[in-house]
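K.L.:
Before we start, here is the structure in question, set down as structure tokens.
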Amino acid sequence: MNRKIRTALFTFIVLSIITLAVLVFIYYRADKVPKASFEQDEQVRVKIEKIRYSGTKAGRVEWELEADSARRSKDEDLTLLEAVKVTFYARDSTSYVLTAQEGRFKEEAGEIEVSGDVVVRSSGDGYTIKTESLTYFVNDRKITTDERVKMTSRGIDLEGTGLVVLVDSQSFRLLRKVRAVFRGPAV
């Protein structure tokens, strides 16, 4: 019996030493691995990469917003967007694709503001609008800007300051300092 106790005690000590050595090895090895650091921004509630958001009414998609990243403000109804793409759909299914470097989405107010190399392309009429910034009003389905605007299509180039586009009626109005160049056989 004495021999069995010695063997059990010896086995217990050897296993304890091996376990202790393994734990020390794991601890020191984990200490050498670079640790991830997380910075917390007090103003940001959520940050999302590759976002897609859409607005529907009566079961029909009216607009879709995509961005490379979005940061939602903690204190106000504001989402900051990077590399923005917004697609608007008119009632007749004509689509308008807007791209910009950055944007701001105010969900409660129903406003999407974009800036930086703003381009809007129409699928139906084949025209392109270029400006530095504009705002889309979700509830009114209206695009506006006070900036200088260049608009091109198959037969006309337009420039002006200030723009109002009514998405559903597919109408637009340049507000000031308008200049037009007509091209093609219709002239």
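K.L.:
Using a probe radius of 1.4 Å on heavy atoms only, what accessible surface per residue do you get for the stretch 63-142? Whole Å² is fine.
P.N.:
About 46 Å² of surface per residue is accessible.
K.L.:
When the Cα atoms of the stretch 97-139 are enclosed in a convex hull and the volume is divided per residue, what value in Å³ results? Could the numbers behind the result be given before it?
P.N.:
Values: hull volume 2.7 nm³, N = 43.
Considering the Cα atoms of the stretch 97-139, their hull volume per residue is 63 Å³.
K.L.:
For the chain, count the residues as N, evaluate 2.2 N^0.38 Å, and divide the Cα radius of gyration by that value, please.
P.N.:
1.89
The values are calculated or read from the model by the stated rules, or taken from the named source; none is laboratory data. Since the structure is predicted, the reported quantities are computational estimates derived from the model, not experimental observations. SASA here: full protein model, heavy atoms, side chains in, ligands and nucleic acids out. Shrake-Rupley method; radii C 1.70, N 1.55, O 1.52, S 1.80 Å.
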